[in-house]
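Trainee: This is the structure I want to talk about, given as structure tokens.
The values are calculated or read from the model by the stated rules, or taken from the named source; none is laboratory data. The structure displayed is predicted, hence computed values, not measured ones. No Cβ is skipped: glycine too gets one built from the backbone with ideal geometry, and neighbour counts run over all protein chains shown. Just so you know, the surface numbers come from the protein's heavy atoms only, side chains and all, with ligands and any DNA or RNA stripped out. Shrake-Rupley method; radii C 1.70, N 1.55, O 1.52, S 1.80 Å.
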Amino acid sequence: MAKTTIIRGTSQYRSIVTVGFALLGLVVILLPFVMSGFRTFQFTMALLWALGVLSLNMLTGWSGQISLGHSALFGLGSYTTCILVGTYEWNPLLTIPVAALVTFIFGIMIGIPALRLAGLYLALMTLAIGVAFTPVIRRFKEHTGGSMGISIKKKVFPEEIVGLNLDQYLYFLVVIFAVVMFALARNLLKSRVGRAITAMRDNEIPAQTMGIYPARYKTLIFATSSMFAGIAGALYAFVIRFSAPYSFTLTLAIFFLAGLVVGGIGTLAGAVLGGLFIQFVPYYAEEINQSLAGMVFGIIIIVIMVTAPTGVLGLIKKVRARVVTVADPPVVRN
Amino acid sequence: MSLLEVNNLVAGYGMVQVLNGISLSVEEGEVAVVLGANGAGKTTTLRALTGMIKTSGSVLFEGEEMVGKKTDQIVRHRIAHVPQGRGTVAQMDVDENLELGAYIRSDKAGIAADKQKMFELFPRLAERRKQAAGSLSGGEQQMLAIARALMMSPRLLLLDEPSLGLAPLIIRSVFDTLQQINTEFGTTMLVVEQNANLALGIAKSAFVLETGDIVAGGSAAQIAADDTIRKAYLGI
Amino acid sequence: MTKFFQLVIAGIEIGSIYALVALAIVIIYASTGLKNLAQGEMAMFSAFIAYQFHAWGLGIWLALILAILTTFVLGMGVQQVVLKPVQDSSLLTVVIVTLGLFLGLNSVAGFIWGYMMLAFPAIFPEGAVEIGSVGISYAAIGVFAVLLACAGALFALFQFTKIGLAMRAVAYNKETSMLVGVQVNRVIMVGFGLAASLGAVGGIFAAPKLFLDPFMMLTVLIYALASAAFGGLDSPLGAVIAGLFIGVIENLAGGYIGFIGSDLKIVVPLVIILGTLLFRPQGLLGRKYIPRV
Ligand SMILES: Nc1ncnc2c1ncn2[C@@H]1O[C@H](COP(=O)(O)OP(=O)(O)OP(=O)(O)O)[C@@H](O)[C@H]1O
Ligand SMILES: [Mg+2]
């Protein structure tokens, strides 16, 4: 079979991409009107996990740093919203910037010492943060409700908003945030800063000679990644209307990691695949056995890392490469 | 039959082929040298002989095929290899390095006796028995590396550029010691060197390696006397 | 003063557990440069195995010895199947794989034994030695003695045996080890089995105190990692000292600083990890940290 070659930047390439995105957009918009409320809720959750995976990807995929504290950051965002809405009766939407700010600052606080840590030690420190989150939340039970958790009353959200029921409203809210955050992430990656960060991952010494200061960028990426996790956590609080210490354990951090590995480390679209994976695999697996999801995740992490470190997206690209070649336009030299 | 007979040896790293089928042989009891410039494939040759890289062709040692065996199996035929850049364990002391050298042996008495011999051969090591190998001087480290290799009481000793990074006077003494080892213990050696004059001085036979091919071979005296070879390949 | 000594003793008891798991981590790190984040889960698994043997009617000591031996084999298996393929991969890959192992083991334990806390039989007799007003339980003495015995055996193994010499050599220099005839892969495998067994000892002796459930070793892992970092990742002696030290400090902090109490004790290892990394990255007794170029 003759292989087609598509060149980036040509009108052919652009129209394929446009049609692709249009179709995807159509599916995304129609989904909550065709699916049941519960299915819609599941897809909302999948998107939230995708945002969690995205936040981890910014750190792990781009800068090669690992974090096992993203469950805690996600939880911190969720608790911020729950406390502000539940205890102080804020408008939920106004809590999102607060959650973002809190986790951003927290990210800087972790990021600064993290600068001095080689990969192994960073894993260690964030692991400790991930594990410490639950007892720390329990300790401050005056604010957090301790082991019982803290909830948001359903009535803070109106029954119907612009003609959408609550499930649909939350779905679209999360979709909008996801689109904006993915776009931001993409632009950040393509920016000077993003290129500097990936350059540092690949080798720190040349980055310095390029006039890039690893310290500043590493802290920045850590803080941004934390903020993304925090925003995802705040949205989670909208959807679940409840925060409990046991929702944000190390297991969640490893699930994010699993999503990352499955989707493909370093890819943006992979994060969405990862989110779907985190939502739906346990849902079906736990019908069979409570432990099955963990086993499946554990085994999949190992198998993928050993055999196909580029994840599902990498495999898709490989398969696609059999059919069409997507090439960069030839460079014209003067 | 020669002790070591290499036939059409091909080896390389990943996709890159470095040795294009070389052949050479080493007689029991002699010192043979492989000469060649930087990047000629000298180190690669020794690494191929001890199975440290992917290899094809044939390496007969005492008539037995070595190609396809793992390094530790090859070493158990008592082939000692002193790699380029020493090959001692820097964090361990002199004593422990020597013990390690005798890893494949189990004759406690023999090991102890050989250790004593090493200290006679290299008195400087005796003074530094409890010092970490990494803290020895370059020359002392090379001596330790040789001693470590001798501790397995090798049938064949492979040495990769023993002169590398040493001062001329020290190089002299290392080569004197090698000669002494050859005459006293009758140890067969295959020495890889850039320093052609010195190496030819102690060798009986010699091979010239040039980008993965043996371009000349014969008795050391013959090679040393051949002006064209000297000019073309050895730069002397 | 009685309270002080009582806290110190409790600290030594739990610190011995941290030290055992830390020793396991250090051995693997020293021999392969690989940090096994699943070390705690492997230990947890061993404790369940011991529990199972006991439930099948074996005496507790026989059960735990069998469990330790089983773990030795399992540890070697895990190394061969899971870690060997990624041995030379990037740090990130290795860390992720050990986390996969973490999750997998945790879930398998949950699958077999459930998530309810199980009581583990006492290994040492009840009661305590009274010195003045301070009571030292037999369990505390026993666990500490086990730690000393393990550390002593390990020391002897490394210093006086051929396999110990080979293990150290492999840790420092794989190429030279190969060239003296060491079967490097087999040595690494045995090292893994050994580390798993040490962790198993930690898990099993922790079990009567912590109760058995798939998450029992989670905080122990953090303390053990902190001990390993604090003591020096490549220093077994450092791991022992640091483990005991952290156990004691944690108990004193929890006992005397009201704000910390029992929930915030977990912050202690966090602070210790941070402090170590910032002020003495090679740890108390570790070799000077040499950045890889
Ligand atoms: N690990 C490796 N991977 C890829 N190529 C290698 C590797 N090691 C050596 N080479 C290549 O193999 C060729 C021969 O190298 P080798 O080390 O055998 O040379 P040499 O004769 O020992 O040189 P020198 O005198 O500098 O030690 C060189 O072109 C080198 O670039
Ligand atoms: Mg060389």
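Trainee: Looking only at the range B:143-195, filter to residues that are within 16 Å of ligand 1 (Cβ to nearest atom), hydrophobic (A, V, I, L, M, F, W, C) and in contact (Cβ under 8 Å) with a residue 60 or more places away in the chain; which one of those is most open to solvent (accessible area, probe 1.4 Å)? Let's see the steps before the verdict.
Mentor: At the first step, the residues of the range B:143-195 found to be within 16 Å of ligand 1 (Cβ to nearest atom) are B:145, B:158-166, B:171, B:190-195.
Next, only the ones that are hydrophobic (A, V, I, L, M, F, W, C) stay: B:145, B:158-159, B:164, B:166, B:171, B:190-192.
With the extra rule that they be in contact (Cβ under 8 Å) with a residue 60 or more places away in the chain, the set shrinks to B:145, B:158-159, B:164, B:190-192.
On the way: B:Ala145: 0, B:Leu158: 1, B:Leu159: 1, B:Leu164: 67, B:Leu190: 0, B:Val191: 0, B:Val192: 0 Å².
Step by step, filter the range B:143-195, then rank; the result is B:Leu164.
Trainee: Checking the conditions here, which among C:Gly202, C:Gly243, C:Gly152 is out of contact with any His (no Cβ under 8 Å at 6 or more places or on another chain), surrounded by fewer than 24 Cβ atoms within 10 Å (Cβ to Cβ) and part of a helix (DSSP H, G or I)?
Mentor: Details: C:Gly202 fails: surrounded by fewer than 24 Cβ atoms within 10 Å (Cβ to Cβ); C:Gly243 fails: surrounded by fewer than 24 Cβ atoms within 10 Å (Cβ to Cβ).
Answer to the check: C:Gly152.
Trainee: To continue, here is another question. If we scan the range B:135-142, do we find a residue that is open to solvent by 50 Å² or more (accessible area, probe 1.4 Å), more than 16 Å from ligand 1 (Cβ to nearest atom), within 13 Å of chain C (Cβ to nearest Cβ) and not charged (D, E, K, R)?
Mentor: The first filter runs over the range B:135-142 and keeps only residues open to solvent by 50 Å² or more (accessible area, probe 1.4 Å), leaving B:135, B:137.
From what is left, the residues that are more than 16 Å from ligand 1 (Cβ to nearest atom) are B:135, B:137.
Still in the list and also within 13 Å of chain C (Cβ to nearest Cβ): B:135.
Subsequent filtering for residues that are not charged (D, E, K, R) retains B:135.
There is at least one residue in the range B:135-142 that is open to solvent by 50 Å² or more (accessible area, probe 1.4 Å), more than 16 Å from ligand 1 (Cβ to nearest atom), within 13 Å of chain C (Cβ to nearest Cβ) and not charged (D, E, K, R).
Trainee: Could we say that B:Thr211 is over 28 Å from B:Met118 (Cα atoms), within 16 Å of ligand 2 (Cβ to nearest atom) and either exposed (fewer than 15 other Cβ atoms within 10 Å of the Cβ) or not assigned by TED's automatic domain parsing to the domain that holds B:Gly21 (or both) here? Steps first, answer last, please.
Mentor: On the way: over 28 Å from B:Met118 (Cα atoms): yes; within 16 Å of ligand 2 (Cβ to nearest atom): yes; either exposed (fewer than 15 other Cβ atoms within 10 Å of the Cβ) or not assigned by TED's automatic domain parsing to the domain that holds B:Gly21 (or both): yes.
Yes: the conditions hold for B:Thr211.
Trainee: A further question on this structure: Pairs please, first residue from the range A:60-79 and within 11 Å of chain C (Cβ to nearest Cβ), second anywhere and among the charged types (D, E, K, R) and open to solvent by 10 Å² or more (accessible area, probe 1.4 Å), Cβ atoms under 7 Å, 6+ apart in sequence or on different chains.
Mentor: Cβ pairs passing all conditions: A:Ser63/A:Arg201; A:Ser63/A:Lys218; A:Gly64/A:Arg201.
Trainee: Same structure again: Would you be able to tell me the number of residues in the range B:20-48 that are more than 22 Å from B:Ile202 (Cα to Cα), open to solvent by 10 Å² or more (accessible area, probe 1.4 Å) and more than 7 Å from ligand 1 (Cβ to nearest atom)?
Mentor: Matching residues across the range B:20-48 total 3.
Trainee: Still on this structure, please answer the following. Taking the stated definitions as given, is B:Asn7 out of contact with any Pro (no Cβ under 8 Å at 6 or more places or on another chain), away from chain C (no Cβ under 14 Å), open to solvent by 10 Å² or more (accessible area, probe 1.4 Å) and within 16 Å of ligand 1 (Cβ to nearest atom)? Please lay out each step first, then the result.
Mentor: Details: out of contact with any Pro (no Cβ under 8 Å at 6 or more places or on another chain): yes; away from chain C (no Cβ under 14 Å): yes; open to solvent by 10 Å² or more (accessible area, probe 1.4 Å): yes; within 16 Å of ligand 1 (Cβ to nearest atom): no.
Taking the combined requirement at face value, the residue does not satisfy it.
Trainee: Can you confirm whether the range C:95-113 contains a residue that is in a loop (DSSP other than H, G, I, E, B), farther than 20 Å from C:Leu64 by Cα and facing chain A (nearest Cβ under 9 Å)?
Mentor: no
Trainee: Filtering the range A:1-45 down to residues that are of a type in the set (D, E, K, R) and assigned to a helix (DSSP H, G or I), which residue is least open to solvent (accessible area, probe 1.4 Å)? Spell out the reasoning first.
Mentor: Step one: of the range A:1-45, the residues of a type in the set (D, E, K, R) are A:3, A:8, A:14, A:39.
Then drop every residue that is not assigned to a helix (DSSP H, G or I), which leaves A:14, A:39.
Working: A:Arg14: 143, A:Arg39: 75 Å².
Within the range A:1-45, the match that is least open to solvent (accessible area, probe 1.4 Å) is A:Arg39.
Trainee: Next question, about the same structure. Scan the range B:80-114 for residues that are open to solvent by 20 Å² or more (accessible area, probe 1.4 Å) and assigned to a strand (DSSP E or B) and jot them down.
Mentor: Matches in the range B:80-114: B:Asp93 only.
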